[in-house]
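Notes for the one structure printed next.
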Amino acid sequence: MAQYIERYQRRRLISSYFSVVLSIALVLFLLGILGMLVLNTKKLGDHFKEQITISVFLKDNAKPVEVDQLQKSLALAEYTKTATYVSKEDAAEQYSEDIGENFQEFLGYNPLKNSVDVNLKADFVSPEQIEEIATSLAAKTYVDEVSYDKPLISLLNDNVKRLSLWILIASAVFTFIAFLLINSSIRLSIYSKRFIIKTMQMVGATKKFIRKPFIATNIKLGFFGSLIALLALAGVLYYVNTNFPELNLFEDFTVLALLFVGVLALGILISYISTYFATQRFLNLRTDDLYY
């Protein structure tokens, strides 16, 4: 009978520990994902900004040497990410594919112009800077027109700023929720041992002596929960980086290291704080109050 009770208590203890570890792992995993979003908000915004294209259309009488000089100067400009020359023939072929028919057969000629498509670096994608760049390019005698999507640029900048703000707010709120969830799991675990805590106190054990094993145990649980969360987070990052290599998630190793260390430290810190105050609460309760 005693062995059965002992096995039953051991199973309950393991089950309690497992639920705490699982709760910590799930919460920290979601917090890590959100942290990754916070750290990569700028990179994500920069990725979309660098898809903005300025098309520099050239006059038909533009000399090859002028076109070549323009392309080289654009390629070397501090604001340029890529500069690609697109002939009128290539543009016509691409346009025909887009509309599903050969428009040249209908018109009898190719109305499109040779152009240089310029993708800017993210730091230069703002309405004011692009307008300045477009004005300087349009001033060249062999440039017919400079075209870009003005409303899209304004909308993109506004949305990136708005997204950054909401992600920061969500991070703060979710960090608070994470603390509450982990704290609740640990308090429930300690609640089941409240009579043991009070018994130890009644036989003369100091509060520090009573708290020590609970804190040590829950710090270990927090550590294991953090490790599980980090393994899951690493798997998600690897999957995203494999399918979206342009995001270069593993490019900045320092940022990733700080994120992983932060998640690990947060799991341990919350476990310590929650255990300390949970045990302190039961230590300060009267014996009669333990039944409520």
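The values are calculated or read from the model by the stated rules, or taken from the named source; none is laboratory data. None of the values given here were measured: they were computed from a predicted structure. For accessibility, only protein heavy atoms count, side chains too; no ligands or nucleic acids. Shrake-Rupley method; radii C 1.70, N 1.55, O 1.52, S 1.80 Å.
Between VAL56, VAL118, VAL86, the residue with the greatest mean-square fluctuation in the GNM of the chain (Cα pairs under 10 Å linked by springs) is VAL86.
Annotation for segment 123-174 versus segment 21-41: alpha-carbon center distance of 31 Å. A straight Cα-to-Cα reach below 24 Å connects LYS193 with the lysines LYS207, LYS208, LYS212, LYS220, residues fewer than 8 places away in its own chain not being considered.
Database remark: amide H of ASP144 closer than 5 angstrom to the amide H of PHE57, LEU58, LYS59 (H placed geometrically; neighbours at sequence offset of 5 or more, or on other chains; Pro and chain starts carry no H). Surface analysis of segment 121-226 yields an accessible area of 60 Å² per residue, using protein heavy atoms and a 1.4 Å probe. Where is the GNM fluctuation largest for the chain (alpha-carbon springs, 10 angstrom cutoff): LEU74, LEU264, LEU34? Top of the fluctuation ranking is LEU74.
Which percent of the accessible heavy-atom area of the chain goes to carbon and sulfur, probe 1.4 angstrom? So the carbon and sulfur contribution to the accessible surface is 63 percent.
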